[in-house]
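Here is the structure we will look at, set down as structure tokens.
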Amino acid sequence: MRNRKEALIRSMLLENYQSYYRLAYSYVHQEADAMDIVQEGAYKAMLKAGSLREERFAGTWIYRIMINTAKDYIKKYGRECELTEEILMDGKECGRNMDLKEAVDKLPMQEKTLIILRFYEDKPLSEIAEILQENLSTVKSRLYRTLEKLRRELY
């Protein structure tokens with residue numbers, strides 16, 4: 001049973017590496033730091049593969065590990081919201097997008113996680129509720145309040 005779970009986790013990690021990297025990058029804005037987070041998260045997922053209760057929730061289980069690893073990394077190294085000159089000068093990001101990115105970065109971690117999962121990772125609300133282990137209506141109301149907060153910040 002454990003070997004099957006390990007194979008499933010390994011397969012999901014390989015298939016979804018880019019998503020995990022984007023998730024980590026949205027927290028730390030540094031390539032090397034994001035890769036460290038994904039590597040540490042993958043290690044934790046493989047190490048704890050036997051504790052996965054239901055295989056059908058493997059995807060949300062790994063996302064939760066990646067989010068927690070990113071939060072731990074930020075606590076340990078204090079690298080949240082570092083907007084480097086490279087990011088500021090990136091031709092893809094300008095004006096309004098940069099204002100939005102800065103506003104999202106200023107949000108408390110719980111709200112920032114909601115925005116990242118919903119809009120950067122395009123996760124449905126039901127999956128976000130599973131990942132965060134929260135009630136769907138709680139996720140909806142927190143997302144609505146967070147969007148209102150962002151609107152007020154931007155306008």
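Here are Tyr63, Tyr120: which of them is under 25 Å from Arg10 (Cα atoms), modelled with pLDDT under 90 and of a type in the set (Phe, Trp, Tyr)?
Values: Tyr63 fails: modelled with pLDDT under 90.
Among Tyr63, Tyr120, only Tyr120 is under 25 Å from Arg10 (Cα atoms), modelled with pLDDT under 90 and of a type in the set (Phe, Trp, Tyr).
Could you please give the count of residues in the stretch 118-144 that are in contact with a helix residue (DSSP H, G or I) (Cβ under 8 Å, 6 or more places away or on another chain), without any contact (Cβ under 8 Å) to a residue 60 or more places away in the chain and part of a helix (DSSP H, G or I)?
Here the count works out to 11.
Could you please give the count of residues in the stretch 66-77 that are at pLDDT 95 or above and either within 21 Å of Ala7 (Cβ to Cβ) or among the basic types (Lys, Arg) (or both)?
Selection size over the stretch 66-77: 1.
The values are calculated or read from the model by the stated rules, or taken from the named source; none is laboratory data. The model shown is predicted, which means the values in this text are computed figures rather than measured ones. Here Cβ is always computed from backbone atoms with ideal geometry, including for glycine, and neighbour counts include all displayed protein chains.
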